[in-house]
Amino acid sequence: MASNNQGGNKGNNQSGGTSNRGFASMDPDKQREIAAEGGRAAHASGNAHEFNSEEARRAGAEGGRAAHASGNAHEFNSEEARRAGSMSHKNDGNMQNQGGGSQQSGGGQRGGSPEQHAKAGSQSHKNDNKR
(Lines give C-alpha, C1' and ligand atoms only; values in the text may rest on other atoms or scores of the structure.)
Protein backbone atom coordinates (compact mmCIF):
# COMPACT_ATOMS: atom_id res chain seq x y z
CA MET A 1 0.00 0.00 0.00
CA ALA A 2 1.38 3.39 -0.94
CA SER A 3 2.02 6.02 1.69
CA ASN A 4 0.25 9.35 1.32
CA ASN A 5 3.11 11.23 3.08
CA GLN A 6 5.50 11.36 0.15
CA GLY A 7 7.75 14.35 0.74
CA GLY A 8 5.16 16.17 2.81
CA ASN A 9 7.78 17.92 4.96
CA LYS A 10 10.07 19.09 2.16
CA GLY A 11 8.67 22.60 1.96
CA ASN A 12 8.88 23.29 5.69
CA ASN A 13 12.44 22.35 6.56
CA GLN A 14 14.96 24.82 7.97
CA SER A 15 18.25 23.39 6.73
CA GLY A 16 17.61 22.65 3.05
CA GLY A 17 17.67 18.84 3.59
CA THR A 18 14.83 16.42 3.14
CA SER A 19 13.37 16.58 6.66
CA ASN A 20 12.63 19.15 9.33
CA ARG A 21 12.70 16.54 12.08
CA GLY A 22 15.48 15.66 14.50
CA PHE A 23 18.47 17.28 16.14
CA ALA A 24 20.55 17.60 12.97
CA SER A 25 17.90 19.70 11.23
CA MET A 26 17.66 22.21 14.09
CA ASP A 27 19.11 25.67 14.06
CA PRO A 28 22.77 25.52 15.27
CA ASP A 29 21.99 27.88 18.17
CA LYS A 30 19.15 25.60 19.32
CA GLN A 31 21.46 22.56 19.05
CA ARG A 32 24.08 24.36 21.17
CA GLU A 33 21.46 25.30 23.78
CA ILE A 34 20.22 21.70 24.08
CA ALA A 35 23.75 20.27 24.21
CA ALA A 36 24.74 22.77 26.91
CA GLU A 37 21.72 21.74 28.97
CA GLY A 38 22.80 18.13 28.71
CA GLY A 39 26.33 19.00 29.76
CA ARG A 40 25.12 20.97 32.77
CA ALA A 41 22.83 18.09 33.78
CA ALA A 42 25.64 15.54 33.47
CA HIS A 43 27.96 17.63 35.63
CA ALA A 44 25.22 18.24 38.21
CA SER A 45 24.49 14.52 38.51
CA GLY A 46 28.18 13.57 38.62
CA ASN A 47 28.05 11.59 35.37
CA ALA A 48 30.18 13.92 33.26
CA HIS A 49 33.68 12.82 32.31
CA GLU A 50 36.38 14.97 33.89
CA PHE A 51 39.49 15.08 31.73
CA ASN A 52 42.85 14.90 33.44
CA SER A 53 45.68 16.89 31.87
CA GLU A 54 47.06 13.92 29.92
CA GLU A 55 43.66 13.06 28.42
CA ALA A 56 43.10 16.71 27.54
CA ARG A 57 46.53 16.92 25.88
CA ARG A 58 45.84 13.80 23.78
CA ALA A 59 42.37 15.02 22.79
CA GLY A 60 43.73 18.40 21.77
CA ALA A 61 46.53 16.83 19.74
CA GLU A 62 44.07 14.53 17.99
CA GLY A 63 41.80 17.45 17.18
CA GLY A 64 44.75 19.40 15.84
CA ARG A 65 45.81 16.54 13.59
CA ALA A 66 42.25 16.16 12.30
CA ALA A 67 41.94 19.89 11.62
CA HIS A 68 45.22 19.96 9.71
CA ALA A 69 44.33 16.83 7.75
CA SER A 70 41.00 18.31 6.68
CA GLY A 71 42.43 21.76 5.96
CA ASN A 72 40.41 23.45 8.72
CA ALA A 73 43.30 24.34 11.04
CA HIS A 74 43.74 27.99 11.99
CA GLU A 75 46.65 29.68 10.23
CA PHE A 76 48.28 32.05 12.69
CA ASN A 77 49.53 35.41 11.43
CA SER A 78 52.83 36.62 12.88
CA GLU A 79 51.17 38.82 15.53
CA GLU A 80 48.97 35.94 16.74
CA ALA A 81 52.00 33.64 16.89
CA ARG A 82 53.96 36.22 18.90
CA ARG A 83 51.10 36.65 21.40
CA ALA A 84 50.52 32.91 21.71
CA GLY A 85 54.21 32.31 22.30
CA SER A 86 54.44 34.95 25.00
CA MET A 87 51.25 33.72 26.70
CA SER A 88 52.49 30.12 26.78
CA HIS A 89 55.55 31.30 28.70
CA LYS A 90 54.00 33.91 30.95
CA ASN A 91 55.05 32.01 34.08
CA ASP A 92 58.57 31.09 32.98
CA GLY A 93 60.10 33.66 35.33
CA ASN A 94 58.38 31.94 38.26
CA MET A 95 59.83 28.56 37.33
CA GLN A 96 63.50 29.54 37.35
CA ASN A 97 65.70 28.56 40.30
CA GLN A 98 63.15 26.08 41.65
CA GLY A 99 64.24 22.55 42.37
CA GLY A 100 67.97 23.28 42.07
CA GLY A 101 68.27 21.55 38.69
CA SER A 102 70.32 22.92 35.84
CA GLN A 103 68.48 25.24 33.50
CA GLN A 104 69.01 25.79 29.80
CA SER A 105 69.62 29.28 28.50
CA GLY A 106 66.75 31.10 26.79
CA GLY A 107 64.17 31.10 29.55
CA GLY A 108 64.91 27.73 31.10
CA GLN A 109 61.96 25.97 29.46
CA ARG A 110 61.95 23.30 26.80
CA GLY A 111 60.06 25.42 24.28
CA GLY A 112 62.37 28.44 24.33
CA SER A 113 61.80 31.97 25.54
CA PRO A 114 58.89 34.23 24.53
CA GLU A 115 61.37 36.25 22.49
CA GLN A 116 62.45 33.12 20.62
CA HIS A 117 58.82 32.26 19.92
CA ALA A 118 58.13 35.75 18.63
CA LYS A 119 61.17 35.57 16.35
CA ALA A 120 60.18 32.12 15.09
CA GLY A 121 56.63 33.32 14.49
CA SER A 122 57.79 36.23 12.40
CA GLN A 123 60.22 34.04 10.47
CA SER A 124 57.58 31.41 9.73
CA HIS A 125 55.39 34.07 8.12
CA LYS A 126 58.05 36.07 6.33
CA ASN A 127 56.51 35.25 2.94
CA ASP A 128 52.90 36.06 3.89
CA ASN A 129 52.90 39.29 1.93
CA LYS A 130 54.04 37.50 -1.26
CA ARG A 131 50.83 35.48 -1.65
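The values are calculated or read from the model by the stated rules, or taken from the named source; none is laboratory data. All figures in this text were calculated on a predicted structure; none of them were measured in a lab. Heads up, the Cβs are rebuilt from the backbone with ideal geometry, glycines too, and the neighbour counts pull from every protein chain shown.
Data table
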item	result
Test: residue in segment 5-27 that is at pLDDT 90 or above, surrounded by fewer than 10 Cβ atoms within 10 Å (Cβ to Cβ), not hydrophobic (A, V, I, L, M, F, W, C) and not in a loop (DSSP other than H, G, I, E, B)	no
Set Arg65, Arg82, Arg57: member being among the basic types (Lys, Arg), surrounded by 13 or more Cβ atoms within 10 Å (Cβ to Cβ) and at pLDDT 75 or above	Arg82
Unique residue being without any contact (Cβ under 8 Å) to a residue 24 or more places away in the chain, in a loop (DSSP other than H, G, I, E, B) and farther than 25 Å from His117 by Cβ when the list is His49, His43, His74	His49
